[in-house]
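Here's the structure, in structure tokens; my notes come after.
The values are calculated or read from the model by the stated rules, or taken from the named source; none is laboratory data. This is a predicted model, so every value here is computed, not measured. So basically every Cβ, Gly included, is an ideal-geometry build from the backbone, and we count neighbours across all protein chains shown.
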Amino acid sequence: MPDLPQNTQSGDISPDLRIEASPTKEFFIFMITRDIDLTRAIADLVDNSVDGAKRLRGEGTYEGLSVRINLSSAEFKIADDCGGIAVDIARKYAFRFGRAKGMPNTPHSIGQFGVGMKRALFKIGNTFEVESSTEQSHFIVRENLEDWARRPEWDFSFKELQENVEQSSVGTKITVTDLFTGIAEEFALTNFETRLRSALAAAHQQSLSRGLHILVNGVPLTFSAASVLSSNQIVPVEKKMQLGANGDRVDVRILAGVGESDPPKAGWNVFCNGRLILDADKTRVTGWGDSNPHYHNEYARFRGFVFFDSDNAALLPWNTTKSAVDEDSPSYRGVRLEMIQIMAPIIRYLAQIAKEKKQQQNDDPTPSEIPLQKAQPTGIYNVKSADVFRAPVPRTEVARPSTERISYEKPKTEIQKLKTKLNVRTAKEVGEKTFDYYVRMEGE
Ligand SMILES: Nc1ncnc2c1ncn2[C@@H]1O[C@H](COP(=O)(O)OP(=O)(O)OP(=O)(O)O)[C@@H](O)[C@H]1O
Ligand SMILES: [Mg+2]
């Protein structure tokens, strides 16, 4: 066999041995834009504005900050006044595909994977422009996707750049033109605007509640606070957990209870760093059908909320499109078991109502339902809660079955042996335990 040319000592591969394995840009563009819904891609751009607001305001209110989205069949535009992108961040990190080492961390951020902005730009159209100003800098990046796909290098370039020049306004403006045909058609539908508004209102409900203004084609999104029914008799369950330790800590809050009977709202809502990831989920992912029954409309009153919060977004159980939980994530697995336990008494209560309704055969409130009529919808951030769900069980359910006494005599030695075996002290207990044992083994 002839000798192969040797690799050089520096690790460079000799040209004869080199095998091309780098991704093609066409494949890359196809891959990253393929599995994301258009409304979610736009929500990703709003996420970046929210992270900007977080850097500006920390834990404070977002009042006075806004994100303005305008779309038509010709153009997509999103503009915010949430601090802008610093030139250094743009140069080294913001336009890279995937989060590069050394990227400064925004505590409690939604941004984590380093792909959202680019994926949205590539999804919507063929030409994009990102213009951003901080207090001291201004830049414009403009690119044509087809041209970029033809070039061998992956870099973009600044079309305008100013550093150390005071700017009158700060923020980021992204414009996409030359929209792809399917996207232009969707943007032209009024139904799309409605879908986008409700998707953004749901995904960013926490930011809206903190005062961020989000407008779509000039109309602000309205915020409706999630609530559960609460009274002295109906008390939602709440559990707080801390996973990990020190810098690697994830705080978890689970709240569950009942609301109005409304199937689209029923299920579990999962938030990561304030961003809604799962909306009214009714699947195995959130514990339905696993020790608990599968979802059915008799549970349309069920409401569950799980909040994962961490300074380190890498620890949160989300996928890159922020539209599902990563079921294999260690932080989610344990929490899911808690969710399964927490929902069991609520499901039993709702099943009891359904049973009473069937027996009653009319639409009057059933005995178990009456307390719900007196309960008030209360915001999930200030509701009085308990460590287990409380709802009154009707008297007929708690009444003990009628009983009858059994008495009999047996040899003392045998009773003594059974006391030891059953780990009890009295002959009465031996009688009860052996009776229970028989019932258990032979069926009732
Ligand atoms: N509107 C904006 N305001 C301020 N910074 C922004 C804005 N848009 C993008 N950036 C910067 O660009 C970076 C890259 O955004 P991109 O959405 O691609 O990734 P990411 O937010 O880091 O991660 P993820 O993929 O999870 O969203 C952000 O981390 C942020 O630094
Ligand atoms: Mg992002």
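So the values come out like this:
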| item | result |
| --- | --- |
| Single residue of Ser133, Ser157 found to be out of contact with any helix residue (DSSP H, G or I) (no Cβ under 8 Å at 6 or more places or on another chain) and more than 17 Å from Ile78 (Cα to Cα) | Ser157 |
| Inter-residue pairs, beta-carbon under 7 Å, first touching a residue at least 12 places away in the same chain (Cβ under 8 Å) and in region 87-103, second aliphatic (A, V, I, L, M) and surrounded by fewer than 14 Cβ atoms within 10 Å (Cβ to Cβ), 6+ apart | Tyr93/Ala100 |
| Single match in Ser66, Ser49, Ser73 (criterion: in contact (Cβ under 8 Å) with a residue 24 or more places away in the chain and in contact with a His (Cβ under 6 Å, 6 or more places away or on another chain)) | Ser66 |
| Members of region 15-46 found to be within 14 Å of ligand 1 (Cβ to nearest atom), out of contact with any helix residue (DSSP H, G or I) (no Cβ under 6 Å at 6 or more places or on another chain) and charged (D, E, K, R), listed by number | Asp35, Arg40 |
| Filtered residue count, region 101-152, keeping only those that are polar (S, T, N, Q) and within 8 Å of ligand 1 (Cβ to nearest atom) | 4 |
| Residue in region 111-127 that is more than 13 Å from ligand 2 (Cβ to nearest atom) and modelled with pLDDT under 95 present | no |
| Residues of region 159-178 classified as surrounded by 14 or more Cβ atoms within 10 Å (Cβ to Cβ) and assigned to a strand (DSSP E or B), total | 10 |
| Inter-residue pairs, beta-carbon under 8 Å, first farther than 18 Å from Leu71 by Cβ and in region 105-130, second in a loop (DSSP other than H, G, I, E, B) and aromatic (Phe, Trp, Tyr), 6+ apart | Gly114/Phe97; Val115/Phe97; Lys118/Phe95; Lys118/Phe97 |
| Pick from region 52-63, criterion touching a Ser or Thr at 6+ places or on another chain (Cβ under 8 Å) and free of Cβ contacts under 8 Å to residues at least 60 places away in the same chain, ranking: nearest to ligand 1 (Cβ to nearest atom) | Arg55 |
